[in-house]
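Asker: Just dropping this structure here.
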Amino acid sequence: MRLSTSTNILDCELGVNKKRVGIIESLNTCAEAGFKVFDMNFCDNGLPDGFLLSDTWESEVCHIYEESQKLGIEFSQSHLEFYNICDMQSSNANREVREELVRRGIIASGMLGAKWAVLHLGTVYENGMYKCQKSKEKNMEYVKYHLETAKRYGVGLAIENLPDKERRRFTGAPEELLDFVDTVNAEHLGICWDFGHGNLMHIDQAAVLREIGKRLKAVHVADNHGIWDEHMAPFCGTVDWNSMMQVLKEIQFAYDFTYEIHNMTNHFPLEIRKKQLEHLVDLGNYLLSI
């Protein structure tokens, strides 16, 4: 395992700074702090001020790749645009735009050299009731469609476990996630495990990870107190990180240990964030050492 971080640790629109840090400046600052591997967050970069919506998005991606080569950094994974793809009404007012962002994110992942792109699945509700089988069927169609693009660009899709603390969501239960990936049974399909989401579900994450085993292609490293998705650094919440590190070693996890902890930094002035990044590199290296 190598330490990695989502680009949203600095390139994020939230917090007191108001004006977001551009992706190139973000990469330079993170590299200076010691980060060498990244998860390109296309969710933030699909917003109106992000590069993925622009007409020149492909040249922007080429520029980012060229800059990464100069900095000696790499992208091992990405996070694609997400929304409830099963909701054909309220959440899909901009469905065509959001689907184009998913497509562009997959292509851009390949252009950046990322091997895995993290994808959220959707949930079918009928009269307010959760429908597991219909959710599975709808998502199978959706994933198979995007797998064609992913394979063309040398990218795999890693399905993320979602929390369903307030309302049932497909893949909130680990058995749904495992069953879905096994049913599709595609070489370019795997699982991304989000530790923060798992903590919200109050489940035995070590046991789940053992069951996932070689299907695990990516992780999102974040902590919380089991109440809401705080996206804090390890040891700031209630996740048992000693146990998590042990089980990742046990199952021989071969990919990267990737922070998704933007709430750890985005409420602070930029000058303070830079020092925080150095501390977070030290913290990540400590975790990898155990």
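Rule-based calculations on the coordinates, nothing more; no lab input. This one's a predicted model, so the numbers in the text were calculated from it and none came from an experiment. Cβ placement follows ideal geometry from the backbone for every residue including glycine, while neighbour counts extend to all protein chains displayed.
Asker: Quick query: amide H of PHE75 versus all other amide H atoms, modeled in the peptide plane; which residues come in under 5 Å with a sequence gap of 5 or more or a different chain?
Answerer: PHE38
Asker: In Å and on Cα atoms, what radius of gyration and Dmax does region 140-290 show?
Answerer: Taking only Cα atoms of region 140-290, I get Rg and Dmax of 16.2, 48 Å.
Asker: Using the Cβ atoms and a cut-off under 12 Å, what net charge is assigned to the surroundings of GLY128, where Lys and Arg are +1 and Asp and Glu are -1?
Answerer: +2
Asker: Here is a follow-up. Which Cα, out of GLY213, LEU80, GLY50, lies furthest along the positive dipole direction of the chain (beta carbon charges, K/R +1, D/E -1)?
Answerer: GLY213
Asker: With r defined as the distance between the Cβ atoms of PHE268 and GLU141 and R0 fixed at 41 Å, what FRET efficiency is calculated, to the nearest 0.05?
Answerer: Working from the Cβ atoms, E equals 0.45.
Asker: Applying 1/(1 + (r/R0)^6) with R0 = 22 Å to the Cβ-Cβ distance of TYR125 and ASP182, what FRET efficiency is obtained, to the nearest 0.05?
Answerer: Taking R0 as 22 Å, the efficiency between TYR125 and ASP182 is 0.35.
Asker: Taking the structure as given and computing volume of the Cα convex hull per residue in Å³, which label from [x] 137; [y] 123; [z] 152 fits?
Answerer: Comparing each candidate, only [y] matches the computed number.
Asker: Where both partners of a DSSP beta bridge lie in the chain, what percent of those bridges are antiparallel, to the nearest 5?
Answerer: 15 percent
Asker: Which of the aspartates and glutamates could a cross-linker bridge to LYS115, judged by Cα under 16 Å and excluding same-chain residues fewer than eight apart?
Answerer: Of all the aspartates and glutamates, those that pass the test against LYS115 - Cα under 16 Å, at least 8 places apart if same chain - are ASP39, GLU74, GLU148, GLU160, GLU187, ASP256.
Asker: Same structure again: Determine the calculated [θ] at 222 nm for the chain from helices alone, applying -39500 (n - 2.57) to every DSSP H run no shorter than 4 residues and normalising by the residue count; nearest 500 deg cm²/dmol.
Answerer: Taken over the chain, the calculation gives -13000 deg cm²/dmol.
Asker: What percent does the relative contact order of the chain come to when contacts are Cα pairs within less than 8 Å and at least six residues apart?
Answerer: Result for the chain is 21 percent.
Asker: Sticking with this structure for a sec: Please compute the modelled spin-label separation between GLU25 and LYS70, points set 7 Å along Cα→Cβ, answer in nm with one decimal.
Answerer: Each label point is offset 7 Å from its Cα along the Cβ direction, giving 1.6 nm.
Asker: Another question, if that's okay. Of LYS131/LYS151; LYS214/LYS249; LYS217/LYS275, which pairs sit farther than 23 Å apart, going by alpha carbon to alpha carbon?
Answerer: Over 23 Å apart, Cα to Cα: LYS131/LYS151; LYS217/LYS275.
Asker: Output ³J(HN,Hα) for region 159-172: one whole-Hz value per residue in order, computed from phi by the Karplus curve 6.51 cos²θ - 1.76 cosθ + 1.60 with θ = phi - 60°, and x for Gly and Pro.
Answerer: 7, 8, 5, 10, x, 10, 5, 9, 8, 4, 10, 4, 6, x
Asker: Could you work out the local net charge near THR171, counting Lys and Arg as +1, Asp and Glu as -1, over the other residues with Cβ closer than 9 Å to its Cβ?
Answerer: -2
Asker: Positive end of the dipole of region 76-189, charges at C-beta (+1 Lys, Arg; -1 Asp, Glu), about the Cα centre: which of TYR125, VAL102, ALA158 has its Cα farthest in that direction?
Answerer: So the residue furthest toward the plus end is VAL102.
Asker: Can you give me the long-range amide H partners of ASP194? Hydrogens built in the peptide plane at 1.01 Å from N, cutoff under 5 Å, separation of 5 or more residues or another chain.
Answerer: The answer is ASN161, HIS220.
Asker: Around ILE9, what is the net charge, scoring Lys/Arg as +1 and Asp/Glu as -1 over all other residues with Cβ under 9 Å from its Cβ?
Answerer: -1
Asker: Can you work out the FRET efficiency for the pair ASN94 and TYR153, with r the C-beta to C-beta distance and R0 = 22 Å, to the nearest 0.05?
Answerer: Step by step, r from the Cβ atoms, then E = 0.40.
Asker: Sequence-distant or interchain residues sharing an amide H contact under 5 Å with ALA117, placed H: which?
Answerer: Here the answer is SER78, GLY156, LEU157, ALA158, since their amide H atoms fall under 5 Å of that of ALA117.
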